[in-house]
C-alpha cells in the first residue's frame, strides 16, 4: 500500500510539474492549451475504461488437475496451468 501511494504521489508531482511547461510549449507552437487538456482527459478516460474492462473480464476455473485462466477484452487468450499430484 505504501508503494502504491508513493508511485501515485510521484506521478502526480511529475504531471503537475510538466503541465505548465507543456502549456507554454503549446502556446509557442500555436496550439490552444485546451487541446492539450482535452488530450490528457481523453488518455485518462481511455486508460480507465481499458483497466476496468480487463479487470472485469478475467475469469478462472479450478479443476482437479489444472487451473484454466481466461484473459482478454476482445480477443480471448486461454492458459492452462497443470498441477502435479503429490502422493504421500
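The values are calculated or read from the model by the stated rules, or taken from the named source; none is laboratory data. Note that the coordinates shown come from a computational prediction; the quantities given were computed from them, not determined experimentally. Quick reminder, even Gly has a Cβ in these numbers, built from the backbone with ideal geometry, and neighbours come from all protein chains shown.
Determine which member of the set 11, 49 is surrounded by 11 or more Cβ atoms within 10 Å (Cβ to Cβ) and either touching a strand residue (DSSP E or B) at 6+ places or on another chain (Cβ under 6 Å) or part of a helix (DSSP H, G or I) (or both). Of the residues listed, the single one that is surrounded by 11 or more Cβ atoms within 10 Å (Cβ to Cβ) and either touching a strand residue (DSSP E or B) at 6+ places or on another chain (Cβ under 6 Å) or part of a helix (DSSP H, G or I) (or both) is 49. Taking residues in segment 36-52 that are without any contact (Cβ under 8 Å) to a residue 24 or more places away in the chain and assigned by TED's automatic domain parsing to the domain that holds residue 19, and partners anywhere that are surrounded by 11 or more Cβ atoms within 10 Å (Cβ to Cβ) and part of a helix (DSSP H, G or I), the pairs with Cβ atoms closer than 7 Å and at least 6 places apart or on different chains are 36/22; 36/23; 36/26. The lone criterion from (1) part of a strand (DSSP E or B); (2) under 28 Å from residue 19 (Cβ atoms) left unmet by residue 68 is number (2).
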